[in-house]
Amino acid sequence: MYGDTNRLRAKATELRTVADELRGRARTMIDDAANVAWTSPAADALRARVTTTADDLGRRASQVDDAADALEQHARRVDEVKQAIEDAAAWVGERWNDAVHVARTVREFVEDVPANAVTGFMRVVSTVAAAAEDVVEGVASKVKVFYYEVAGVQVPEQKVIRAREIATAVPSTPVAGSKDWLDLKDTFVSRGWS
C-alpha cells in the first residue's frame with residue numbers, strides 16, 4: 001500500500017554514487033587544467049572556465065546528495081507510519097476481537113439466588129428491602145439477580161455494554177496496512193474503549 005522503502009533507499013544509494021562521480025569529475029577537471037603546460041591568456045581563460053564548470057559540478061553533486069537525503073528521510077517516515085499502523089492494528093485488533101467475542105457469545109441470566117450470594121457481577125432485579133422482609137426463621141430470602149456469562153465465566157455488565165457498543169460502532173476492521181487503523185485507534189482512545 002505504501003510502496004517498498006527498500007527501493008527508495010536503493011535509489012538514494014544510486015544518487016550518492018552519481019554525486020560522488022560528479023565530484024570525481026570536477027576534481028579530475030581541475031587537476032587536468034592545473035597540468036596545462038602553456039601560459040597565455042587562453043590558458044588562463046581555460047583554467048577559469050574549467051574551475052567554473054567544476055564548481056557547478058560540485059553544486060550539482062550537493063543537490064544530488066540533498067535528493068538522496070530527502071529520499072532516505074521519506075523512506076524513514078514511511079516506515080515509521082507503517083510501524084504506527086501495524087502497532088495500532090495490533091492494539092485495536094486485540095480490543096475489537098475481545099469486544100466482538102463478548103458481544104456475540106454473552107449469555108444473560110436472571111435467577112433467584114440467596115440474598116447473601118449476590119456478587120459484584122450481578123444486578124439485583126428485585127429490591128433488597130423487599131427481600132429483607134421475606135426472611136423466614138433466620139434464613140436469608142432469595143432475590144432475583146441479572147448477570148452475564150461468557151464461556152461460563154461471569155463478566156461485569158459494563159464490559160458487555162462496552163463490547164456491544166464497540167461491535168455496533170465498528171462492525172468490521174480496516175484492511176491490513178490501511179491508515180484507517182490510526183483513525184480507529186484514535187476513536188477507541190477518545191471513547192474510552194482502551
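Structure notes:
- Considered as a group, the residues in the stretch 146-177 that are polar (S, T, N, Q) and modelled with pLDDT under 95 include one that is surrounded by the fewest Cβ atoms within 10 Å (Cβ to Cβ), and that residue is Gln158.
- Residue among Val92, Val81 that alone is exposed (fewer than 15 other Cβ atoms within 10 Å of the Cβ), within 26 Å of Asp183 (Cα to Cα), aliphatic (A, V, I, L, M) and touching a residue at least 24 places away in the same chain (Cβ under 8 Å): Val81
- Just one of the numbered conditions (1) surrounded by 13 or more Cβ atoms within 10 Å (Cβ to Cβ); (2) at pLDDT below 95 is not true of Arg107: (1).
- Taken over the stretch 17-29, the criterion of being of a type in the set (Val, Ile, Thr) and touching a helix residue (DSSP H, G or I) at 6+ places or on another chain (Cβ under 8 Å) is satisfied by Val18 alone.
Here's the yes/no breakdown for (1) assigned to a loop (DSSP other than H, G, I, E, B); (2) at pLDDT 95 or above; (3) over 30 Å from Asp180 (Cα atoms):
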{"site": "Gly3", "(1), (2), (3)": "yes, no, no"}
{"site": "Lys11", "(1), (2), (3)": "no, yes, no"}
{"site": "Glu14", "(1), (2), (3)": "no, yes, yes"}
{"site": "Val18", "(1), (2), (3)": "no, yes, yes"}
{"site": "Glu21", "(1), (2), (3)": "no, yes, yes"}
{"site": "Asp31", "(1), (2), (3)": "no, no, yes"}
{"site": "Trp38", "(1), (2), (3)": "yes, no, yes"}
{"site": "Gly58", "(1), (2), (3)": "no, yes, yes"}
{"site": "Arg76", "(1), (2), (3)": "no, yes, no"}
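The rows are residues; the columns are (1) buried (at least 18 other Cβ atoms within 10 Å of the Cβ); (2) among the small types (Gly, Ala, Ser); (3) under 30 Å from Tyr148 (Cα atoms); (4) in contact with a helix residue (DSSP H, G or I) (Cβ under 9 Å, 6 or more places away or on another chain).
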site	(1), (2), (3), (4)
Asp31	no, no, no, no
Asp44	no, no, no, no
Thr53	no, no, no, yes
Asn97	no, no, yes, no
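The values are calculated or read from the model by the stated rules, or taken from the named source; none is laboratory data. In this text, all values refer to a predicted model and were calculated from it rather than measured experimentally. So basically every Cβ, Gly included, is an ideal-geometry build from the backbone, and we count neighbours across all protein chains shown.
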